[in-house]
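The values are calculated or read from the model by the stated rules, or taken from the named source; none is laboratory data. What you see is a predicted model, and the numbers here were worked out from it, not measured in a lab. Don't worry about glycine lacking a Cβ; one is built from the backbone with ideal geometry, like all the others, and counts go over all protein chains shown. Heads up: the accessible areas ignore ligands, DNA and RNA and are worked out on the full protein's heavy atoms, side chains in. Shrake-Rupley method; radii C 1.70, N 1.55, O 1.52, S 1.80 Å.
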Amino acid sequence: MVAVAAGRVTLSDRRTERSWSVDLAPYRISAVAVTQAQYAAVTGLRPSSVAGDRLPVESVSWIDAIGFCNALSRREGFAPAYRVEGLAVEWDAAAAGYRLPTEAEWEHACRAGTSGPRYGELDDIAWYRDNSAGHAHEVGRKAPNSWGLYDMLGNTWDWCWDVYDAEVYGEYRVLRGGGWSDRHWSCRASVRRRSHPTFRIDDVGFRVARSE
């Protein structure tokens, strides 16, 4: 887990041409996406389409990621961050347990103080359509950003906590970062995508965060 200081980030959405700023308290975020070995150790499950302990876990839904966070919290003696009843999930912001990053936390961590679309040359930092050979790769094989975070762009998309646009898309949740099958324009710090919280596919995974 990498400690991130308090800060402010400005998010934007190309679809609505809207931008907004978010003030962030200090938090921690995992240096790499949750791996298949980590997921199996906590849940006993290996849902990914291609097996490999150091590969990012994928084919996991937002609800699956929420369940992992609570299970990991209990395993390490922290109060779980989420109260779950079916698809209804409430976040207890006072709890010390593991959780998904908010999309503001995700983008702030991805940018690591930079202001451009990416924190480095794309081929140096990310697995995407032009260099992935059509599959995910082991975490941490590309260069990190200046805060020591790997694969923030490319390899697998990261689920975030936030609802994307409740008025238009209901319970759809935010995805960030781009994946191994995406073209270069999807692998940018500002890109927002969305999917249903039960959706699973082979280029979507997650990383975890904790409040300080």
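Okay, here's what the table says:
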read-out	value
Whole-Å distance, taken between Cα centres, linking region 158-212 and region 78-105	16 Å
Loop-resident sites, region 79-137, for GluC sites (Glu not before Pro), counting at most 14 other Cβ within 10 Å (DSSP)	Glu121
The chain: DSSP helices with Cα axial extent of at least 18 Å and average Kyte-Doolittle hydropathy no lower than 0.0	62-75
Overall form of the chain per C-alpha gyration tensor (a/c, 1.5; a/b vs b/c)	rounded
Rough spin-label spacing in nm, given labels placed 7 Å along Cα→Cβ, for Glu76 and Ala37	1.7 nm
Estimated distance in nm for a label pair at Ala93 and Arg183, the labels positioned 7 Å out from Cα along Cα-to-Cβ	3.9 nm
Order of exposure, largest accessible area first, which applies to Thr35, Thr43 with probe 1.4 Å	Thr43, Thr35
Residue-normalised accessible area of region 1-83, given per residue in Å² at a 1.4 Å probe	50 Å²
Accessible carbon and sulfur surface of region 46-89 relative to its total accessible area, %, 1.4 Å	52 percent
